[in-house]
Amino acid sequence: MRVMLRAHMDTVATNESVRTGGMPQAIRSLMDRVKPEAAYFGLHEGVRSCWMVFDLQDSSLMPSLMEDLFLEFNAEVEVAPVMNAEDLVKGLAALKSSP
């Protein structure tokens, strides 16, 4: 299932991670594991944030994928199912064919 992960990262925790050089390594490690089709980084509600869209093969992988965000960045994390344009067209076509 394609999902979007959104993480709001605590400012104090990320400041420390930037100072120690841990932030690039933690982000790279997460990206290596989830292999996102898209990844964006910026500010949301005044804090460092990231958004990644990737295929979550099994929901049991969520704890191991998200734990670094909690431990390293004291992040608030949300994961939600999403569709690309092809998925949407397929879903809408299924609506037309159902009684």
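What do you get for Rg/Rh over the chain if you use C-alpha atoms and the Kirkwood form of Rh? Intermediate values should be presented prior to the final figure.
On the way: Rg = 16.0 Å, Rh = 14.7 Å.
Checking Rg against Rh, the ratio lands at 1.08.
Kindly report the accessible area of the chain per residue (heavy atoms of protein chains, probe 1.4 Å, no ligands, DNA or RNA), in Å².
Working: 6580 Å² over 99 residues.
Result: 66 Å² of accessible area for each residue.
Entry note: the stretch 26-83 has Rg to Rh equal to 0.93, where both radii use alpha-carbon atoms and Rh is the Kirkwood radius.
To put it simply, the accessible area of the chain at a 1.4 Å probe is 58 percent carbon and sulfur.
I need the GluC sites (Glu not before Pro) found in the chain, filtered to DSSP loop residues with at most 16 other beta carbons within 10 Å of theirs.
Numbers: sites: 16, 37, 45, 67, 72, 76, 78, 86; in loops: 37, 45.
Those satisfying the criteria are 37, 45.
Paramagnetic label reach from residue 45 (point 7 Å along Cα→Cβ; backbone nitrogen cut-off under 11 Å): within the stretch 62-99, residues 76-78. Under a 10 Å cutoff between Cα atoms, tell me which one of 29, 59, 17 has the largest fluctuation in the Gaussian network model of the chain. Maximum among the listed residues: 59.
The values are calculated or read from the model by the stated rules, or taken from the named source; none is laboratory data. Keep in mind that what you see is a predicted model, and the values were worked out from it rather than measured. Note that we place each Cβ from the backbone using ideal geometry, even for glycine, and neighbour counts take in every protein chain shown. Ligands, DNA and RNA are excluded from the accessible area calculation, which covers all protein heavy atoms including side chains. Shrake-Rupley method; radii C 1.70, N 1.55, O 1.52, S 1.80 Å.
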